[in-house]
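The values are calculated or read from the model by the stated rules, or taken from the named source; none is laboratory data. Only a predicted model underlies this, so the values are computations on that prediction, with no experimental measurement involved. Neighbour counts run over all protein chains shown; Cβ positions are idealised from the backbone, glycine included.
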Amino acid sequence: MLKNSEVLNLYRIKLSHTMTKWSKDAACKNKNTTEFYDPEESVLKKAATKYCLNCPVQQNCLYTAILTSESHGLWGGLTPRQRRILSKKLRSLANSINLDISIWNKDVENFILKHCSLDTAYDIL
């Protein structure tokens, strides 16, 4: 039987293959995204408004960043600080509905994906 960490690692490998599919439709594709990695949060938020608000794959992008614990750059319209806060609040929200997010399954996947739209994420933040 696989340990939860092994399942998550296998899922991350699958996710990286899936990412190449959705990222081709990103609003920031083929753009100079150096501003996505600027240390100033105000620059990141400006880039989020410029690219992420109307991006067709925003939810997938944020979902990927949450699952992989991405700690750098702008992903799915949220800064690293915003993603850390969102992750903590998602854990708390999951606990309040008795969803064990330490055991990876489709319910956990759907729960996280559901909360990765910018509207929902901003409501939680």
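Some values worked out for this structure:
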{"quantity": "Yes/no for LEU125 being modelled with pLDDT under 90, on the phi < 0 side of the Ramachandran plot and more than 12 Å from the chain's Cα centre (by Cα)", "calculated": "yes"}
{"quantity": "Within the range 36-78, considering residues that are of a type in the set (S, T, N, Q) and within 29 Å of TRP104 (Cα to Cα), the one surrounded by the most Cβ atoms within 10 Å (Cβ to Cβ)", "calculated": "GLN58"}
{"quantity": "Of the criteria (1) outside any helix (DSSP H, G or I); (2) touching a strand residue (DSSP E or B) at 6+ places or on another chain (Cβ under 9 Å), which one SER69 fails", "calculated": "(2)"}
{"quantity": "Test result for TYR51, at pLDDT 90 or above and aromatic (Phe, Trp, Tyr)", "calculated": "yes"}
{"quantity": "Pairs with Cβ under 6 Å, 6+ apart, first in the range 36-64 and farther than 22 Å from LYS24 by Cβ, second of a type in the set (S, T, N, Q)", "calculated": "GLU41/THR79; LEU44/THR79"}
{"quantity": "Any hit, the range 80-103, residues being hydrophobic (A, V, I, L, M, F, W, C), in a helix (DSSP H, G or I) and surrounded by fewer than 17 Cβ atoms within 10 Å (Cβ to Cβ)", "calculated": "yes"}
